[in-house]
Amino acid sequence: MTPAAIFAQLAAAGVRRVALLADEIEAATGRRIEILDIGGVLPVSFDASTAAATLAEYAGGTRAAVSRW
């Protein structure tokens with residue numbers, strides 16, 4: 001697995017954890033969270049020998065992580 005793919009998976013896992021926390025907050029408060037702002041954590045490679053994750057890799061994992069949203 002490439003470093004870019006690993007990054008994309010870790011980013012998606014982080015987004016999923018935020019979504020699960022939002023679910024817990026909703027359950028505890030009875031209020032609906034309508035927006036999850038995950039920031040702009042798009043990957044950048046500063047080393048020419050290592051490719052950054054593609055937008056498709058990043059978006060695919062993130063989309064799957066928060067499918068309910």
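Read-outs throughout are calculated quantities, based only on the coordinates presented, and are distinct from any laboratory measurement. Computed from a predicted model, the values in this text were never measured in an experiment. Virtual Cβ from ideal backbone geometry, glycine too; neighbours counted across all protein chains shown.
Can you pull the Kirkwood radius for the chain, inverse mean 1/r over Cα pairs, to one decimal in Å?
Evaluated on the chain, it is 13.1 Å.
Would you mind telling me which residue in 57, 34, 24 has the biggest mean-square fluctuation in a Gaussian network model of the chain, where springs connect alpha carbons within a distance under 10 angstrom?
34
Could you grab the relative contact order for the chain? Cα pairs under 8 Å, six or more apart, rounded to a whole percent.
Contact order relative to length: 55 percent.
With r as the distance between the Cβ atoms of residue 56 and residue 21 and R0 = 30 Å, compute the FRET efficiency 1/(1 + (r/R0)^6) and round to 0.05.
Computed FRET efficiency for residue 21 and residue 56: 0.70.
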